[in-house]
Amino acid sequence: MIGRRTFLATGAAAALARPSWAQDDPIAALVDQVSQEIQVQIVYGLSAFPTRHTEHRDFPQVEAWVSQLMELQGDVTRLAFEMPSGKTRHNLLLGDPTDPRGVILIGAHYDSTSEDPMSAAPGANDNATGVAAMLEAHRILSGAGLDKGVVAVAFAGEEQGFHGSAAVAREARAADWPIEMMINLDMLGWRPPDPSAPMVVEYDMGNVVPGNDAAAEAFGRLMAGVATEYTTLNTTHTDIWSSDYMPFEAAGFPAVGLYDGGVESPRYNTSRDVADVLDFDRVAQATRIVIAAVARFTGL
Ligand SMILES: [Zn+2]
């Protein structure tokens, strides 16, 4: 027989601690379902397309690939919109955006760009990582029995000025979708020179509509709080800026985002934005923030 002190000195104590903690905390049990392996597959798959420039003639193949990925989780609605060039492209939506209990909309753009976007734009960090986080968050949250609807939307046309998200925001306003929070995920896996560099929690501070600021700030603070509880990431706050939450904010919806600071990377918006250099642990940790914040917001 070994004494308690001896037992605690072995690895067995650490191995036993985590399951009982997760069992007592339903949010811990959810965030522990995040699969880094699934996210790696998604990011490598998306960045294997030579380019995901929305105007490229082969972009419909990208749409089809992302749509198939989303169909693993449920029925996908293809929402057509027109680019300024006249080309028809599609946003891809998973879940019921009219859920009368209220909707949490998690969005990420799946298009990409670079210095030579018609031939080489892998867009691994910008923004295959956001798509991977969005899909893992939706997979886990949609099976969690929450009291609100969780909807995932993959946008095209972001890099030319939020054309896809603007179309969805117009539709959401016209049809009065009960969106209680729009969470935008754009760049999550940059490996910063300082490993302790914070993940940026973005929440709306003014912009077009003032009445939605308080809800966004409260959700942003919730995200920072759950980051402390459920991840190893530091966080900092900024305003929302230059991504797909902007049209939703302008349409009056509360809007927040997560972002890794990666515009500082020399690979940003270049043909060198490849998967091999990414930090997939940061992607998974960011996904845990989204899941924990949504779960707590809905009262789990
Ligand atoms: Zn982006």
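Coordinate-derived values only; no laboratory data. Note that the structure is predicted; figures quoted are calculated from it, not measured. A quick note on method: Cβ atoms are made from the backbone with ideal geometry, for glycine too, and the neighbour counts reach across all protein chains shown.
Laid out as a table, the results:
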{"quantity": "Gyration tensor (Cα) of region 73-230, equivalent ellipsoid semi-axes in angstrom", "calculated": "24, 22, 16"}
{"quantity": "Among beta bridges that DSSP assigns inside region 27-297, antiparallel share in %, nearest 5", "calculated": "40"}
{"quantity": "Region 84-152 versus region 225-246: alpha-carbon centroid distance in Å", "calculated": "17"}
{"quantity": "Span from the region 260-291 Cα centroid across to the region 195-210 one, whole angstrom", "calculated": "17"}
{"quantity": "Value of Rg/Rh across region 27-297 [Cα atoms, Kirkwood radius]", "calculated": "0.93"}
{"quantity": "The chain: relative contact order as a whole-number percent, Cα under 8 Å and 6+ apart", "calculated": "23"}
{"quantity": "Contour excess over end-to-end distance, with Cα ends at residue 237 and residue 75 and 0.36 nm allotted per residue", "calculated": "54.8 nm"}
{"quantity": "Taking 231, 236, 129 and counting other C-beta atoms within 10 Å, the order from fewest to most", "calculated": "236, 231, 129"}
{"quantity": "Per-selection metrics, region 137-275 (Cα): Rg and Dmax in Å", "calculated": "15.5, 45"}
{"quantity": "Residue 120-residue 32 FRET efficiency (beta carbon distance; Förster radius 35 Å; 0.05 resolution)", "calculated": "0.40"}
{"quantity": "Cα centre as origin, Lys/Arg/Asp/Glu Cβ charges: region 85-141 dipole, Debye", "calculated": "220"}
{"quantity": "Cα-derived Rg over Rh, computed across region 233-300 with Rh taken as Kirkwood radius", "calculated": "1.01"}
{"quantity": "Bins of 10 Å from zero: percent of alpha-carbon pairs in region 68-131", "calculated": "18, 39, 33, 9, 1"}
{"quantity": "Student exercise, the chain dipole from Lys, Arg, Asp, Glu Cβ charges, in Debye to nearest 20", "calculated": "740"}
{"quantity": "Which of 219, 155 has the fewest Cβ neighbours within 10 Å, and the rest in rising order", "calculated": "219, 155"}
{"quantity": "Sorted by Cβ density within 10 Å, fewest first, the residues 146, 135", "calculated": "146, 135"}
{"quantity": "Estimated inter-spin distance, residue 61 and residue 228, nm [label 7 Å along Cα→Cβ]", "calculated": "4.9"}
{"quantity": "Helical mean residue ellipticity (222 nm; -39500 (n - 2.57) per DSSP H run of 4+; nearest 500) of the chain", "calculated": "-12500 deg cm²/dmol"}
